[in-house]
Amino acid sequence: MRETAAGARERPSRDWREIALDYGIYVILLAFVVVMALLSPNFLQARNLLNIAVQASTVAVIAAGTTMVILLAEIDLSVGSVAALAGAVTAGILELGPAAGLTGVGWVGLAILAGLAIGAALGAVNGALTVWGGIPSFIVTLGMLSVARGLTLLYTGGRPIFGLGDAFSRIAYGTIGPVPVPIVILVVLYTLAALFLHTTQLGRYVYAAGTNRRAVALAGVNVNRLKVGVFALAGTLAGLGGVLLTSRLDSAQPTAATGWELDVIAAVVLGGTSLYGGRGAVVKTLVGALLLQLISNGLNLLNVQAYWQQITKGGVILAALLFERALRRARGGSAM
Amino acid sequence: MPDPAIGPPSGAGEPPAAGTQPLLQMENIVKRFGGVLALDGVSLSVERGSVVGLVGDNGAGKSTLIKVVSGAHPPDGGTLRFDGARVRIASPRFAKEIGIETVYQDLALVDTIDAAGNIFLGREIVRFGAGPVKVLNKRRMQRSARELLGRLGLELPSSGTEVGMLSGGQRQSVAISRALYTRPKLVILDEPTSALAVTEARKVLELPRTLAAQGVSVIIISHTLQDVLDVTDRIVVLRKGRKVADLATRETSLEDLVTYIVGSERAKGAGYA
C-alpha cells in the first residue's frame with residue numbers, strides 16, 4: 001500500500017530479533033541435526049530419521065490442536081488423559097469385534113470414530129466450562145486431566161486391552177509407497193491446519209480473539225462458541241493421537257500418554273507460539289515436536305541416562321520461553 | 001478532515017414517515033451491575049443529522065449509556081426507539097445491523113492483524129465457503145480498505161503491517177474507517193481524542209460535523225469540554241447515573257457545563273461558578 005500523508009510511519013524494518021523469532025526454530029533444528037550427525041554415525045540413517053518422525057507423530061498430532069487453543073490464549077492440560085481414554089474406547093470396541101464377527105475395515109473405522117468422538121466431547125466440555133462456567137481453562141483442563149484418566153482406568157479396569165487386529169495396527173506400521181502412514185497423517189493434518197488458520201475466517205478469528213477478545217466480540221463474533229469449537233477440535237486431535245498411540249502399541253494401556261501435556265505444550269512453545277495468545281504458526285509446532293523427539297533420540301544415542309532427558313526437556317521449554325520473552329521485550333511494542 | 005464522502009446514509013435523504021421523529025429515543029433506561037445502579041432512568045434523544053455531546057464525571061454513566069446503545073450492555077429497563085421502531089439492542093451485531101457503529105475509546109483493534117483485517121473484522125469478504133469454513137478474500141479486503149481510507153482522506157498504514165505497530169492517529173483512522181464502512185445512521189465516538197496528539201485531535205474533531213452534514217447522527221463523549229462545545233448541537237450531562245441537564249450548545253457556556261457536571265453546590269464551593 002502506498003504511503004500518502006506525511007507522517008505515516010515507514011513500514012518498520014525487520015530487525016534481527018524478529019527474524020530470530022520467525023526462523024530461530026529452523027536454525028536450532030538444523031544445528032541439532034548437524035551436531036548429532038557428527039556425534040553419532042547412526043543418526044543420519046534414513047531409518048533413524050523416519051523413526052524419529054513416526055515417534056514424534058503422536059505428540060505432533062495432538063499439538064496441532066493445542067496450538068489453536070494456545071493461540072486463543074487458553075491452555076489444555078488434559079490432552080494426555082483424553083488421548084488415553086480415546087485409545088481405550090477405540091480398543092474396547094475393536095476387542096468386541098471378533099466375537100460378533102466384525103473385523104473389517106468398517107468396524108475399525110467405527111472404533112476410531114468412537115475414539116475421536118470421545119475426544120471431541122471431552123474437548124467441548126473443557127470449552128463450555130471455560131467460557132460459560134467462567135473457570136480459567138488452566139483449572140478446567142487440570143480437572144479434566146484427572147477425570148479422563150480416572151475414566152480410562154474405570155473403563156479398562158486398570159488392565160491393558162490387547163488383540164486389536166491387523167487392520168488397526170496398519171495405521172501405525174503401514175506405509176503408503178515408501179512413506180509410513182503416521183507421516184502421511186501428519187502432513188495432511190498440518191496442511192489442513194495451516195490452511196484453516198491462515199486462509200479462513202474462523203482461523204482469523206482464532207488469532208484475533210487470542211489477541212483482543214473484546215474487540216472480536218464487539219465486532220459481532222460469537223467468541224464463546226468459537227472457543228468451545230476450538231477446544232472440541234483439540235479434543236478430537238487428542239483422540240486421534242490416542243488412536244495412533246494405541247495402534248503403535250498394539251494395545252490400549254490405561255496409563256498411556258501420562259504426562260504428555262508437557263511434551264505437547266513444549267512442542268507448541270518451541271515452535272514459537274506465544275502462550276499469551278494471538279501469535280504463532282501451526283507448522284512450527286510440527287518442527288517443535290520433531291525437535292523434541294530429536295533431543296530424546298539424540299540423548300538416547302549418546303547413552304545419556306533417562307533421568308537427564310526429563311531435566312533437558314523441561315529446561316528446553318523454559319529456555320525457549322525466556323528467549324522469546326527477551327526478544328519480544330527488546331523489540332518493544334505490544335508484541336506479547 | 002476533508003470531505004469523507006461516505007455517500008448518503010441509508011436513513012437520511014428520503015424523509016420517511018417517521019422523519020420528524022428523532023433517530024434515537026431512549027426513555028427511562030436503567031442498567032444495574034450487581035447492586036450498583038449505573039443508569040437510573042436516563043432519557044435521551046438524538047435528532048437526525050445532529051451531534052449530541054455526552055459529558056459527566058468519571059462514573060457518571062456515560063460509558064454505560066453508550067454501551068446500551070451499541071449493544072455491549074443491554075439495558076435492564078426502559079425503552080429504546082431507533083429509526084421509528086422500538087428495538088431491543090441485545091448485541092453489538094444487532095446494533096451494527098440497524099445502523100449504529102461505535103468507535104471505542106481504546107479503539108477495540110486487534111493489534112496482531114493489519115488495517116484491512118481490522119476494518120473488516122466480523123464482516124470479512126469471503127471467496128467461498130463450506131459450512132462454517134469460509135475462505136477469506138484477502139486481496140479484495142485489502143483493496144477496499146485502501147479505497148475507503150483514501151476516500152476518508154485518512155493516513156494509510158502500509159498493508160500487512162500489524163496495527164499494533166501504527167501510530168495513535170493511524171490506529172484511530174483504522175477504527176473510524178471500520179465504523180463508517182457500513183454507512184451507519186448513528187456513530188458513537190467515545191473519547192475520540194484522548195489518545196491523540198493535538199494536531200491529530202483537531203482532525204478527528206472535524207469528523208462529527210462532516211458526518212452531521214451528511215445526515216448521520218453522532219454521539220460524542222469527551223472529557224475535553226471545549227471540544228464538546230465546539231462540535232455539538234446539544235449537550236447532555238450525566239451525574240451519578242442520572243441525566244441532570246440537556247442543553248442547546250449555542251446557549252451553553254463552559255461554566256454552565258462544569259456546574260452541571262460537578263453539581264451546583266460543590267461547584268460554588270470550589271469556586272468554579
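Data overview
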{"item": "Check on B:Leu121, at the interface with chain A (Cβ under 9 Å from one of its Cβ atoms), of a type outside the set (Gly, Ala, Ser) and closer than 29 Å to B:Leu44 by Cα", "result": "no"}
{"item": "A:Leu299 vs. criteria farther than 25 Å from A:Arg213 by Cβ, buried (at least 18 other Cβ atoms within 10 Å of the Cβ), touching a residue at least 12 places away in the same chain (Cβ under 8 Å) and away from chain B (no Cβ under 14 Å)", "result": "no"}
{"item": "Lone unmet requirement of (1) modelled with pLDDT of 90 or more; (2) within 10 Å of chain A (Cβ to nearest Cβ); (3) out of contact with any Gly (no Cβ under 7 Å at 6 or more places or on another chain) for B:Pro75", "result": "(2)"}
{"item": "Index of the failed condition, B:Arg139 passing every other in (1) in a loop (DSSP other than H, G, I, E, B); (2) surrounded by fewer than 21 Cβ atoms within 10 Å (Cβ to Cβ)", "result": "(1)"}
{"item": "Meets criteria (facing another protein chain (nearest Cβ under 9 Å) and either surrounded by 22 or more Cβ atoms within 10 Å (Cβ to Cβ) or on the phi < 0 side of the Ramachandran plot (or both)) for B:Gly150", "result": "yes"}
{"item": "Qualifying position, being crowded, with 22+ Cβ neighbours inside 10 Å and either within 28 Å of B:Ile119 (Cα to Cα) or within 14 Å of chain B (Cβ to nearest Cβ) (or both), among A:Leu270, A:Leu192, A:Leu286, A:Leu218", "result": "A:Leu218"}
{"item": "Candidates A:Leu233, A:Leu291 - the one that is within 14 Å of another protein chain (Cβ to nearest Cβ), in contact with a helix residue (DSSP H, G or I) (Cβ under 6 Å, 6 or more places away or on another chain) and not small (Gly, Ala, Ser)", "result": "A:Leu233"}
{"item": "Members of region A:21-37 that are closer than 19 Å to A:Lys284 by Cα and either within 7 Å of another protein chain (Cβ to nearest Cβ) or at pLDDT 75 or above (or both)", "result": "A:Asp22, A:Tyr23, A:Gly24, A:Ile25, A:Tyr26, A:Val27, A:Ile28, A:Leu29, A:Leu30, A:Ala31, A:Phe32, A:Val33"}
{"item": "Strands (runs of 3 or more DSSP E) completely within region B:28-104 that count 1 or more residues being free of Cβ contacts under 8 Å to residues at least 40 places away in the same chain", "result": "B:36-46"}
{"item": "Test: residue in region A:47-56 that is out of contact with any Lys or Arg (no Cβ under 9 Å at 6 or more places or on another chain), modelled with pLDDT under 80, away from every other protein chain (no Cβ under 14 Å) and assigned to a helix (DSSP H, G or I)", "result": "no"}
{"item": "Some residue of region A:282-299 being part of a loop (DSSP other than H, G, I, E, B) and of a type outside the set (Lys, Arg)", "result": "no"}
{"item": "In region A:138-194, the residues that are in contact with a strand residue (DSSP E or B) (Cβ under 7 Å, 6 or more places away or on another chain) and part of a helix (DSSP H, G or I)", "result": "A:Thr156, A:Val181, A:Val184"}
{"item": "Restricting region B:85-104 to residues that are surrounded by 15 or more Cβ atoms within 10 Å (Cβ to Cβ), touching a helix residue (DSSP H, G or I) at 6+ places or on another chain (Cβ under 9 Å) and more than 9 Å from chain A (Cβ to nearest Cβ), the residue that is nearest to B:Ser222 (Cα to Cα)", "result": "B:Val103"}
{"item": "Verdict on B:Asp230 being in a helix (DSSP H, G or I) and surrounded by fewer than 18 Cβ atoms within 10 Å (Cβ to Cβ)", "result": "yes"}
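The values are calculated or read from the model by the stated rules, or taken from the named source; none is laboratory data. Treat the numbers as computed from the prediction; the structure is a model and nothing was measured. Note that each Cβ is placed from the backbone with ideal geometry, even for glycine, and that neighbours are counted across all protein chains shown.
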